[in-house]
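> This structure is in structure tokens; I'll ask about it shortly.
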Amino acid sequence: MRVLGLWSTRLGAAAFAALFATSAMAQLPFVAPAKGTGVNNAVNVQNPNAPTGAAWQQSNYPYPGQCLADPANTALFPLLSPCVAGTGSFACNGTSAPQTAAGWMECGTGVRTVFKPLNALIPDSTAAAAIPQPKYVWPVLNPPDYLPDTASFPGADYYEVAVHEAQGFQALASAGLFPNPQAVGAFPAVPDGMQWTGMICNIPTGCSCPNGLTGTFKTNYCSDTSIDPAGRIPAGAPVYTPIWGMGQVNNAGGPVTQILQNWLGTCSTSGALCWAGGPLPSLPSLASPLPACPAQETCNVLGLFAPGAASAWSQNNYVSTWPSISIRGKRGTPVVVKWVNEFPDNHLFCPHPEAADWPCAIDRTFMGMKATIDPALANGIVPTDRVNQFGSPQQPDNSWVTHLHGGEIPPSTDGFAELWYGNSTTATAYNNLANGFVSPPFENPSGLHLKRPAGNAATYTYPMVQDEATIWFHDHTLGKTHHNVIAGPAGFFPVVDAAKHGALTAWNYRAAAPVAGSEYSWLDPVTLPRDALTIPKYDLFFAIQDRAFNDDGSINFSNGLGQALPPNGNGVPSAVTPGVVPEIHPVWLPEYFGEAAIMNGVVWPKKAVEAGWYRIRIVDGSDSRCWTLGFQASATPIAPGAQPVPNVPFYILASDQGYLAKPISIYAKKFTMCPGERYELLINFAAYAGQQIYMTNEAAAPYPAGDLPYDVPGAPSLFPELNTVMRFDVGAAGTGVQSCATDLITWNPAWGADQSVLAARIAAKQACMPKYPHLMQTFEASYAQVFPTKPTLQTVNNGSWIVRQVFLNERIDGGTGAPTGMQLNGVPFEYKVTETPRENSVEVWQFINLTVDAHPMHPHLVRHLVVGRQWFNAGAYRTALCGASTCSPGPSPGNEMGTIPDVTPFLLGTPGNVLPTHQDSGWKDATQVPPSKVTTIIAKWEARWPAAASAAAATAPGTAGCPLNANGTYTCTDVNANTWTYEPVTSGPFVWHCHINSHEDSEMMRTSLVVP
Ligand SMILES: [Cu+2]
């Protein structure tokens, strides 16, 4: 390993790569942990490609948001955009001159580049106050299901799904899946590339016209030239949001597209665009007869389908929206998905050429970021100066890789952050890896399978060996996950266990009416009743997010953080401080917080519900925001800034990885969820017939000690509108699912905290919900199988399991005290692999949180249980960790990763003094790690799929044994899905990280590697 010590920050990347090409350090064995060794925090896999020692001292490692103060570091960042005054160039200028805050301004002009003002929604805008945003007016989107192709791979479900600019919004609006802007005036229909979130222009003098509009749309949409010769969006008009979405490309574009195609296929007249005369009539479900085509229609749904070609599909002939519609996985039936990158060449947040008032919002100092957009790169060659400090090529701006969050899936399908790929143009330009494999430090001599796709698509085969749960898919690109998720694309992937639900007939279509008197049918993911377009009627899927918007409707990615925020007394920065690292870098985002609540792509929507039972599945798809959710019945809207008073009882039925042992009554009538988490609620609206119920929020941002979404004395909220999320309008009494209508869920305070009372009442209700306990067995059986003895905080250190202690820290700029980045164990993402559980071993992980925020920690591959949380003396621990110096833990020469003190002596109080909360009692994959506590989880590092002897021997589509051919077919040695084999779990890395996406991209992510 000595030769690695020669590597220094002054070596160019090319020299670095050459060093590895000629060195003889291959074939070093992995060092796996022995069993029962107690605290084990420095078991390092000797990855020969990872820099070691001094190379990783923090002083030598540039971090996100750091402009180059050290000339030596220019070797690490040779790619930063050259500064051209007056062009809106917005990155570090790449010179060796000491950088100041002005360097983050417009290339040294001293003028801070101005983002578009946040006056579309932000409540402290004087102009905005004149016209309030309409709340609870537009219905929430209900994501329908995708349709599998069951013919291509017998026994498997096959989908092709593309990420793309939003398109087909108007078709969805007509189908009743989204609000239709035409209902608020005679404005042009939403063009492709945009979506309507329900916002209107609330500025009396009109809103800015979006960049890049041309033709009649601009003429009609930006019509008010009495104010501005370039036109303004009139006050009260809908403002459309440029967004990226996802859609199904095969099977005629999925259910929504297929219905539209079928319907349009009955028309034969060509002519003007549809909707010229108003909205389309209600569209049918797949099972219904097709209606006659209205006379004025022409069968060209805003260019979605060409007349006469309705039965064919091709690229651009599908609906692509935010959020995506859902893929349903069936346990035991593999799901093959070809994920296609059809993004435009330039990122949504980095238009090119850059608009003068909208600089590129991609921070080139993040890991994995390339510096500039260079159309000449289409020649397929990556210049040596576009190789990052780790030897791998830096990304095109439109790179993407899909992670199936919560999936128990082989390594090469996990969406490893380095396995990004571009669209058909940029994938060519950035993919000339010498052997197709990702370069140091992750190309491992032991045969790790880390091959980046050669083209613009990756085919992943998911074995579907896991239990019933609500998992979901989103981007995981290195350093840019927060950009891509905020841009829109993500979707649900509920997994159901057919063995628990009977035959899978009428899988994707409207099912038969529920059996009379049965609670089972409406809970059941298979037989549940559905509305048109395959939307579950009583099983709601909600993705909760927040966004900031510019006044033209576009997403404000900068969040206004480049501007001074008003002081609020809650620790939110009040000014930008000049220095080597400005307190708040205009692009670097410690967190992203928007001022608008979004549910399924709509701002403060409403949902009409019947006066009965509902199952509501919620994913927190926000970048950074935790939500403390409740339900408040109120005759009048809850005023902005008012503290909610949730008063509607509900149960938590399931969490990230499936059902709890039993439904948990939420005493406080509110619970907190953080990014990446899922909770499934049971709620009964029977007692609220004819009333209105608001979904409320009380979580601070950052959580738990940041700005509250309601006013407190002396600290008015920065986000007073975020005290509510949406509204439910409850129908007439007697509608909906009525069984067990009142006394199963309604909590009686006289019961106190005695769960046994509740359990008895649930048991008494089994006649009412006869099959419901059957679902619950999922958790109990699997738990007992993995942990015969229940681990507790008192027993986890007794030697039965490997214990890994990892700390979470925030890098602080010494001059300004500003946050400059996040880390795990004081090392960056691409430091050598240190978390190496043995296959099938049980490991206890203890997260030691040295920061002031809660972080939802998310280990991939495995489900885990929360053992408990315990206070610790964070100050004393930090001193032990860092000594008298400023806390810059991390590797030091000769000491590799450094010594992490055992946290046990620093624990406070009685072990187990902070038990897992009731909502934490089931299988999890993302767990809240609160500040100043040690959060302990336990997991078995297993993979239940049938594994081949090696990655090369696997036979599932998309593996080395069954490659995708150039013509789109596969050459599989085994096309029978029942006997497919997959890559061994040891064949490649996974990651574990904070699911605050801005943190994850800022090095708060590490590799995990299961070893034999
Ligand atoms: Cu975090």
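Derivation of every value follows stated rules applied to the coordinates shown; laboratory data play no part. These numbers come from a predicted model, not from an experiment. No Cβ is skipped: glycine too gets one built from the backbone with ideal geometry, and neighbour counts run over all protein chains shown.
> Kindly list the residues of region 147-167 that lie in the label zone of SER424, defined by a backbone N under 19 Å from the point 7 Å along the Cα-to-C-beta vector.
160-167
> Would you please state the base-10 log of I(q)/I(0) at q = 0.10, 0.12, 0.25 1/Å for region 604-702, with intensities from the Debye formula using one equal scatterer on every alpha carbon?
Rounded to two decimals, the profile gives -0.27, -0.39, -1.53.
> Ok, one more. Counting other beta carbons within 10 Å of each residue's own, what order do VAL730, VAL975, VAL319 fall into, fewest first?
VAL975, VAL730, VAL319
> While we're here: Work out Dmax and Rg for region 934-1012 from the C-alpha atoms and quote the Rg first, both in angstrom.
Cα radius of gyration and Dmax of region 934-1012 are 16.6, 53 Å respectively.
> Next question. Spelling out what I want: for every residue of region 702-715, take phi, set θ = phi - 60°, compute 6.51 cos²θ - 1.76 cosθ + 1.60 (Karplus), and round to whole Hz; glycine and proline get x.
x, 8, x, 10, x, 7, 7, x, 8, 7, 10, x, x, 9
> Going by how many other Cβ atoms sit within 10 Å of their own, how do TRP244, TRP845 line up, fewest first?
Taking fewest neighbouring Cβ atoms as first place, the list is TRP845, TRP244.
> On to the next question. Estimate the FRET efficiency between HIS918 and VAL852 by the formula 1/(1 + (r/R0)^6), using the beta-carbon distance for r and 35 Å for R0, to the nearest 0.05.
The calculated FRET efficiency here is 0.85.
> How do ARG811, ARG452 line up, fewest other C-beta atoms within 10 Å first?
Ascending number of Cβ neighbours within 10 Å: ARG452, ARG811.
> Return the FRET efficiency for the residue pair ALA668, PHE787: r is the Cβ-Cβ distance, R0 is 30 Å, and the value is rounded to the nearest 0.05.
Using R0 = 30 Å, I get an efficiency of 0.55.
> Related question: Would any residue of region 704-739 have its amide N under 11 Å from a label point 7 Å out along Cα→Cβ of ALA689? List them or say none.
In region 704-739, the label zone of ALA689 (backbone N under 11 Å from the point 7 Å along Cα→Cβ) covers 731-736.
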